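Read the structure below first, then the notes.
The values are calculated or read from the model by the stated rules, or taken from the named source; none is laboratory data. Bear in mind the structure is a predicted one, so any value in this text is a computation, not a measurement. Neighbour counts are summed over all protein chains in view; Cβ atoms, including those assigned to glycine, are modelled from backbone coordinates with ideal geometry.
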Amino acid sequence: MFTRGAQRLVCLVCSRRFVTSSKVMSSTGGMNKVPQVATDAVLVQSEKMPDDAIEVKGYDFNQGVSFHKLMESYKTTGFQATNFGKAIDEINKMLDAKKISLPEEVVREGTALNPVGREKTNCTIFLGITSNIISSGLREIVRFLVQHNLIDCMVTTAGGIEEDIMKCLAPSYLGDFRLKDKELRTKGLNRIGNLIVPNENYCKFEDWCLPVLDKMKLEQDQEGVNWTPSKMIARLGKEIDNPESVLYWAYKNNIPVFSPALTDGAVGDCMYFHSFRNPGLKLDIIEDLRRMNSQAVFAAHTGMIIVGGGLIKHHICNANLMVSRNGADYAVYLNTAQEFDGSDAGATPSEAVSWGKIRLTAQPVKVYGEATLLFPLLVAETFAKRVKLPDQEKADIDTEIAEGERHEARS
């Protein structure tokens, strides 16, 4: 039962609805026509698109299977495919800038000021990778970049150092994301996602690493060597002496590898154990900080390629804050992190602009995606195209000879 007040309220509401409905019907001539309010809301007129607007269009496999054309089509596919296409362009801009010659006096000055001593180019390229990149088969992609001297500086975490060395001593294996972890523990098997690293690998790494630390301690005491994390990493690359190793090629090509949290992993375990059996080894993080920041401070231009987030991302971005140009000239982020929690990993390139870590005039790109899927494709469309392997060089020579013979025949 409604009270009298409630009855009056219901009647008032119904009355208003009737009046509104009557107005709609009268304005449209009854229910035989579409209500004007609906057409006004739905059939909104569009403004003319700009002349340079890009049409959404994917790859047509009726044209055959062409890897390069498929990757080219990503730019017009939309969503993360378009961001991926932009990332390809951004890295190619870095590489094009790198090829531009600098005056000889600028090269000499830059090399002298840079404590790492690498020859200065027009664009210094920073690569940041988290340890899981080396855990996976992406290690071979990173090794290619370092082997062919395609980057100038690398930042990784402790796991990226130790796992590169460990893979020279013993293999890792494919597993499954849903293996029973309690059983794995009893078997001495460590799981990284769907990868398995036998604990024996870590034992082999410790057996290999401790004598290297002994040598470093001896050189510190007898020769006054001031060790830093990056100097230690270079020494590990020298000692492993294996062309399958990322660190081996970094040592060979004088590419500094920085790891400001080098103690956080099996390398740190070795240093901990070593501090009991042969105490006194020291690592100077301040010198490394200066070495790292100088890569950006004395660069003509800089580009950042950051695969993953957290420490490796911020260490590179913060170095690029130090430059008078107000940040990096080029930047590509590749990770799955979101920005809603305020994490460094999720922070967008635009946020880095607010800190002065990326230039106001830059056109940075973030690709939201999993690195094992995307990074090989990214390298294939950028760095890999700039390297001529021996077989390719021979093929080019054969082509030139054949073209010359055809030209002579026509003459």
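Tabulated values for the structure
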quantity	calculated
Among (1) touching an Asp or Glu at 6+ places or on another chain (Cβ under 8 Å); (2) at pLDDT 95 or above - the single one residue 118 does not satisfy	(2)
Selection within region 111-135 - surrounded by fewer than 20 Cβ atoms within 10 Å (Cβ to Cβ) and closer than 30 Å to residue 190 by Cβ	132
Region 68-100 - residue that is among the small types (Gly, Ala, Ser) and buried (at least 17 other Cβ atoms within 10 Å of the Cβ) and, of those, nearest to residue 366 (Cα to Cα)	87
Restricting region 288-342 to residues that are at pLDDT 95 or above and of a type in the set (Val, Ile, Thr), the residue that is nearest to residue 123 (Cα to Cα)	302
Matching residues, region 125-169, being in a loop (DSSP other than H, G, I, E, B) and at negative phi	130, 136, 137, 148, 150, 151, 152, 157
Residue check for residue 185: in a helix (DSSP H, G or I) and surrounded by fewer than 15 Cβ atoms within 10 Å (Cβ to Cβ)	yes
Hey, residue 65 of a type in the set (A, V, I, L, M), without any contact (Cβ under 8 Å) to a residue 60 or more places away in the chain, more than 26 Å from residue 244 (Cα to Cα) and surrounded by fewer than 17 Cβ atoms within 10 Å (Cβ to Cβ) or not	yes
Counted residues, region 191-209 - those being touching a residue at least 12 places away in the same chain (Cβ under 8 Å) and in contact with a strand residue (DSSP E or B) (Cβ under 9 Å, 6 or more places away or on another chain)	8
Meets criteria (surrounded by fewer than 20 Cβ atoms within 10 Å (Cβ to Cβ), in contact with a strand residue (DSSP E or B) (Cβ under 7 Å, 6 or more places away or on another chain) and of a type in the set (Val, Ile, Thr)) for residue 372	no
Positions within region 303-329 being over 17 Å from residue 129 (Cα atoms), under 18 Å from the mean Cα position of the chain (by Cα) and of a type outside the set (A, V, I, L, M, F, W, C), in sequence order	327, 329
Restricting region 346-365 to residues that are small (Gly, Ala, Ser) and surrounded by 14 or more Cβ atoms within 10 Å (Cβ to Cβ), the residue that is nearest to residue 297 (Cα to Cα)	356
Residue match in region 254-271 (condition: part of a loop (DSSP other than H, G, I, E, B) and aromatic (Phe, Trp, Tyr))	no
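One line per residue, one yes/no per condition, for (1) in contact with a Pro (Cβ under 9 Å, 6 or more places away or on another chain); (2) more than 24 Å from residue 239 (Cβ to Cβ); (3) not charged (D, E, K, R):
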| residue | (1), (2), (3) |
| --- | --- |
| 112 | no, yes, yes |
| 116 | yes, no, yes |
| 125 | no, yes, yes |
| 129 | no, no, yes |
| 145 | no, no, yes |
| 149 | no, no, yes |
| 153 | yes, no, yes |
| 165 | no, no, yes |
